[in-house]
Amino acid sequence: MRRPILPILAFVAGLVALSVAAVMVLVPKAGEVSVSSVGGPFSLTDQDGKRVTERDFAGRTHLVFFGFTHCPDVCPTTLQQIGDVLAALGPKGTDTKALFIAIDPERDTPAALKTYLASFDSRIVGLTGTPDEVAAAVRNYRAYVRKVPTKDGDYTMEHTALVYVMDGKNRFINALNLTRPPEEAAAELARMM
Ligand code: NI
């Protein structure tokens, strides 16, 4: 079945606009909103079925990205870019993790995440949970998520496409800009490690 191009373009444009809006919210001028309030505790299940919390990723700089495996475009592109940046980090990035938090837990079971993430860098960890657990993580990271019904009776998810850089104490440092060569993004990330 051919996918109509225009709605997809509109959807992608919408995600870009959301990301810009999110950056504006997350990186406020003159400290109106404290960025230290971005991020926080979570309790989720990884792609191997193991229960994990934010404490499992503390101690070193890591990335966080919200998405879903049925995402037609933005998520696979971003996961590929994250993998390219991790590769460009070289030895410094050996233990650097990127958390892919599933915002569609209905379909994104640990097994679905495991299959999906096999196509990407092995340092990307898939996390999912009950709808309440996922909602709590989304809230703590001030992410935007919305379920949108599609014409065929199915649904898709609109979501923040921001890549969060979190420090070793799970504090938000910055959003990682991926619209540049991976070496440049890696150089900036290395300075935050
Ligand atoms: Ni997506």
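The values are calculated or read from the model by the stated rules, or taken from the named source; none is laboratory data. Nothing here was measured: the structure is a model prediction, and the numbers come from that model. FYI the Cβ positions are ideal-geometry reconstructions off the backbone, even for glycines, and counts take in every protein chain you see. We work out accessible area using only protein heavy atoms, side chains counted, and drop any ligands, DNA or RNA first. Shrake-Rupley method; radii C 1.70, N 1.55, O 1.52, S 1.80 Å.
Values as computed for the structure displayed
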quantity: Sorted peptide list for 185-193, 156-164, criterion being average Cβ within 10 angstrom, highest first; calculated: 156-164, 185-193
quantity: Alpha carbon convex hull of segment 43-192, projected area averaged over orientations, nm²; calculated: 8.5
quantity: Ranked order, 119, 43 - accessible area, probe 1.4 Å, largest first; calculated: 119, 43
quantity: Phi-based couplings in Hz for segment 83-100 (Karplus 6.51, -1.76, 1.60; Gly and Pro marked x); calculated: x, 5, 5, 4, 5, 5, 5, x, x, 4, x, 3, 9, 7, 9, 10, 9, 9
quantity: Under-5 Å amide H pairs with residue 163, H placed in peptide plane, nonlocal only; calculated: 176
quantity: Protection proxy ranking, peptides 61-71, 120-130, average beta carbon neighbours within 10 Å, highest first; calculated: 61-71, 120-130
quantity: Cut-off under 5 Å, modelled amide H: who pairs with residue 156 long-range; calculated: 148, 150
quantity: Reach of residue 97 by Cα under 22 Å, taken over lysines that are not fewer than 8 positions away in the same chain; calculated: 50, 114, 169
quantity: Residues with amide H under 5 Å from that of residue 52, placed H, sequence gap 5 or more; calculated: 44, 45, 46
quantity: Centroid-to-centroid separation of segment 63-88 and segment 112-156 [C-alpha atoms, Å]; calculated: 12
